[in-house]
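Note sheet for the following structure.
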């Protein structure tokens, strides 16, 4: 079995809960809006990282990232981009098994024909009433399954 950790929209904040969830992954995908290069370095300390540039990723470090990536794990192809609205390939026709995107901050998993679509949601600062979340794709005997999980931030001691 291969475990692919999914994270997006960290916006410069890599929560301890996200790092704990991603621990033990074989690889990690960051679907953009990373925030700064230190986030990628922290993730790289957990597992090899494939990352794409999000609309809020700016500066020289971000220019080194592609807008899309096609990741291969054995015979499994996973297409990564930040904003699903910018998907310009026919994933099924291209033999892509999964598409991973971020941007909306809304976690979801949907099977569309032969292609699994996953948005891990946002693992960074809370926006609106959306959950703080991450996700994973599991590859077992050539079959893909995915889930997202809500990351419950640790509560500190009560403030006086």
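The values are calculated or read from the model by the stated rules, or taken from the named source; none is laboratory data. Note that this is a predicted model, so its numbers are computed, not measured. Here the Cβ is made from the backbone with ideal geometry for all residues, glycine too, and neighbour counts use every protein chain on show.
If we scan the range 61-80, do we find a residue that is part of a helix (DSSP H, G or I) and out of contact with any helix residue (DSSP H, G or I) (no Cβ under 6 Å at 6 or more places or on another chain)? Yes: the range 61-80 contains one or more residues that are part of a helix (DSSP H, G or I) and out of contact with any helix residue (DSSP H, G or I) (no Cβ under 6 Å at 6 or more places or on another chain).
Can you say whether residue 47 is under 13 Å from residue 29 (Cβ atoms), surrounded by fewer than 18 Cβ atoms within 10 Å (Cβ to Cβ) and in contact (Cβ under 8 Å) with a residue 40 or more places away in the chain, as far as the supplied structure shows? Here the answer is yes, as residue 47 does meet what is asked. Looking at this structure, is residue 66 more than 12 Å from the chain's Cα centre (by Cα), under 23 Å from residue 151 (Cα atoms) and either exposed (fewer than 12 other Cβ atoms within 10 Å of the Cβ) or modelled with pLDDT of 95 or more (or both)? Against the criterion (more than 12 Å from the chain's Cα centre (by Cα), under 23 Å from residue 151 (Cα atoms) and either exposed (fewer than 12 other Cβ atoms within 10 Å of the Cβ) or modelled with pLDDT of 95 or more (or both)), residue 66 does not qualify. Residue 76 falls short on exactly one of the conditions (1) closer than 16 Å to residue 118 by Cα; (2) without any contact (Cβ under 8 Å) to a residue 24 or more places away in the chain, and that condition is (2). Evaluating residue 54 against the criteria (1) under 30 Å from residue 141 (Cβ atoms); (2) in contact with a helix residue (DSSP H, G or I) (Cβ under 9 Å, 6 or more places away or on another chain) leaves one unmet condition, (1). For the range 9-44, what are the residues that are assigned to a loop (DSSP other than H, G, I, E, B), buried (at least 16 other Cβ atoms within 10 Å of the Cβ) and touching a residue at least 60 places away in the same chain (Cβ under 8 Å)? Within the range 9-44, 9, 10, 11, 13, 14, 15, 25, 31, 32, 33, 35 meet the criteria.
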